[in-house]
Amino acid sequence: MLPEDRSRQAPDAADHQALARAQLRREAQALAVLENIHDAIITLDADHAIIDLNRAAHRMLGYEDAEVLGQPVQRLLPDLTPDACAPAAGEELEMTARRRSGDTFDAAVGLSRVHSDQGTFTVLILRDLTERKNAQESLHREKEFAQITLQSIQEAVITTDARGRVNSANRAACTLLRRDTGELMERPLGDLLRFSGLEHRRAMRHALRATLADGTSHELSGQPEIRFDNGDSIYVNGRIAPLRAADGTIIGSVVVLQDVTAEKRMREILSWQATHDDLTSLINRREFERRLQQLIEQRVGDTRHVLLYLDLDQFKLINDNCGHDAGDHMLRQLTSRLGTRLRNTDTLARLGGDEFAALLPHCSVENGRRIAEDLRELVRNFRFEWNGRTFGVGVSIGLVCLDEQILSITDALTAADSACYIAKENGRDQVVIYRPSGDEEQRRREEMSQTALIREALEQDRFCLWAQPIMPIEPGADDWGIEILVRMLDENGGTIAPGAFIPGAERYNLMSHIDRWVLRALCRHWQAQPRLFERLDKIAVNLSGQSVANDEFLDFVIAQVEDNGLPWGRLCFEITETAAVSSIEKARHFIETLRERGARFALDDFGSGLSSFAYLKQLPVDYLKIDGAFVKDMEHDRIDAAMVRSIAEIGRAMQLRSIAEFVENERVVALLREARVDYAQGYGICRPMPLEALAGFRPLRRAEAG
């Protein structure tokens, strides 16, 4: 070989060495990869005996090389028979794998055939499926639970696709819409929710479009009505919300509907019962006074309204001679005729017994008198027949113009009653127009004088605290409390009842001053005699509407309670329904601020207004104090008893406790217990007492009361 040929061979040897080193590096890298991947790799010889395991296989299965090398693969994979290996090469199987501990687990097994100069090998790659299986099982359980829940809940749940077409509905939805599932699928949502009002239909379409377009949620306002082909209808509450994919894309909507028909109709019944007289179906005194107050407040300029006060003459003769059933029939017949003589804008009400009133808005005294005379003539000509006997009655009518001299309901009714009294004194069956007299001026002067007395009593600290227990009705319960009452003292130390000074204090804006005195006095008693209150679960303090609407009074309450160490948890502030409703936002702020500190609140005289139930959800109170006007007559008046039961039931639904006032005897207590009222207060429980006398008071448990 020529020298130059040898020189060419030298680089070839170097190249071979470099190639060998590169090959070793690649093999080392491959080995490192095999040793560090998470999947177990097992190599089998042609007889399916184990000849190699990577590090992951040791970790996954728990074996050392010496324990399994040369062993059949079935020791690790019992289900992998030699026959199963051949056709499965290159595929992935799921089978059971066994660890050294004997535990088994689900594994994914990939099989590959490798051919080399040393023979044919089978390489198994194992992945532990335990976590995936657990996740799948958990997901399945969640889906199953969601489906069962969806089918079990009472709310109707409907989902739509991105076009607004229904793609699922639970059982409640089918029941609500009175259709099978198949009838709902792929139908536009608007075709299924056939709201009766155009406004509701438009609102629903707008809400659905907005939800699908920008992902906003919408409430269906106003409890829309859904009508069916047979004429039936239901009312629903509804909400539309977006349905999103995992990446946040809007893929449809979910609609939740709740049938509120029974609730709505019950509210209508209760509202009607709260505002109407059960016997005659005329509006009752409470609603009449509300409308009268509205007319007085809305009076503008020279606008005049007229109030008529009607008192039947000789009605007692029918009751005495024929019984109350006859009297009831007569009142129903007569009142149905009286309404025909009034204008569409007028209001006729039964105030009680044989007393009625009519409101004539935008009416002059002359026109009012003509209407009154027409009513008087109708009553005089009316004849009532009962068991072959015929009776006639008359009516005395007092007329008052609601002018600038009439400042309140009390003013109006007092004036009308005075005129009616004069009509009776003058021989009955007459219409008398009220004329302010010297007596009226004297009354106003007396009120002004009374105001001066209240101011003087405040300056001289001539008030005192009394208390009346509030007892649990449930036998054996002992969570009793008291209501703090206030009495004014005259110059000789005599006690003046609240009814003699509270109306004047309210009229001339002095109630907030009295409320401040009461709270200061209570704090003094707490400091001086803390043991007086240690048995009490709650100490109820009345607050006027004037105080609740005053921001400075709120600061005063907080300072007094905290400076004197009164426990917030024992304080219960009573606010009348009328006071709360007259300034709803301020009342809510007042209540929320003090409830955050632990105080409780009771809504006093609940049920006294038409809007009681409407406003209840807006006031975060703890107790409903049922208007005593319902409680005191519930023995004899089924409507009053029904109202008490309804208020207690609504209270329970809202997790509120109920308190009945004006409880006069044990029969009423028994009725209250049947109605599931929680507490009772009144002369039948315990009369009011000076606060100091509370030390000797022993509460009588209902179980002891026989």
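Tabulated data
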quantity	calculated
Magnitude of the charge dipole, segment 199-249, Cβ model with Lys/Arg +1 and Asp/Glu -1, debye to 20	140 debye
Distance (nanometres) between label positions extended 7 Å along Cα→Cβ at L139 and T216	3.5 nm
Proximal lysines to K424, defined as alpha-carbon separation beneath 28 angstrom and excluding residues fewer than eight positions away on the same chain	K316
Highest to lowest packing among 50-60, 97-107, scored as the average C-beta count within 10 Å	50-60, 97-107
Segment 645-658 - phi-based ³J(HN,Hα) in whole Hz, Karplus 6.51/-1.76/1.60, Gly and Pro as x	4, 5, 5, 4, 5, 5, x, 4, 4, 9, 6, 10, 7, 10
Extension gain (nm, one decimal) between T390 and V254, 0.36 nm per residue minus Cα-Cα	42.2 nm
Contact order normalised by residue count of segment 266-436, Cα under 8 Å, 6+ apart, percent	27 percent
GluC sites (Glu not before Pro) restricted to DSSP loop in segment 160-228 with at most 12 other C-beta within 10 Å	E186
Cα-centre dipole for the chain with unit charges at Cβ (Lys and Arg positive, Asp and Glu negative), debye to 20	1100 debye
Long-range HN-HN contacts of A467 with modeled amide H, under 5 Å	L485, M689, L691
Summed residue charge, Cβ within 13 Å of A521's Cβ, Lys/Arg positive, Asp/Glu negative	+2
Distance between modelled label sites at S168 and C464, nm, 7 Å Cα→Cβ extension	7.2 nm
Full-stretch length increase - D320, H636 - with 0.36 nm per residue and alpha-carbon distance subtracted	111.9 nm
Point-to-point label distance, E664-E297, nm (Cα→Cβ direction, 7 Å offset)	3.2 nm
Fraction of antiparallel bridges per DSSP, the chain only, in percent to nearest 5	75 percent
Candidate lysines for bridging to K617, where Cα separation is under 27 Å - those fewer than 8 sequence places away on the same chain excluded	K264, K538, K586, K625, K632
Added length on full extension, which subtracts the Cα-Cα distance from 0.36 nm per residue, S196 to K424	76.7 nm
J(HN,Hα) series, segment 220-225, from Karplus relation 6.51 cos²θ - 1.76 cosθ + 1.60, nearest Hz, glycine and proline x	8, 7, x, 6, x, 9
About the Cα centre, charge dipole magnitude for segment 266-436 (Lys/Arg +1, Asp/Glu -1 at Cβ), debye	300 debye
All lysines inside 24 Å of K133 as judged from Cα atoms, apart from same-chain residues fewer than 8 positions distant	K143
The chain: calculated mean residue ellipticity at 222 nm from DSSP helix runs of at least 4, using -39500 (n - 2.57)	-13500 deg cm²/dmol
Positive-end residue, the chain charge dipole about Cα centroid, Cβ charges, pick of G102, G339, L619	G339
Chymotrypsin sites (Phe, Trp or Tyr not before Pro) within segment 187-286, DSSP loop, no more than 16 other Cβ atoms inside 10 Å	F228
Relative contact order, percent, the chain [alpha-carbon distance under 8 Å, six or more residues apart]	6 percent
Most positive-pole-ward Cα, I575, N54, L126, against dipole of the chain from beta carbon charges	I575
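Taken together, the values in this text are just the output of simple stated rules run on the coordinates, not laboratory data. Computed from a prediction, not measured in an experiment: that's the story for all the values here. Every residue, glycine as well, gets a Cβ built from its backbone with ideal geometry; the counts of neighbours run over all protein chains shown.
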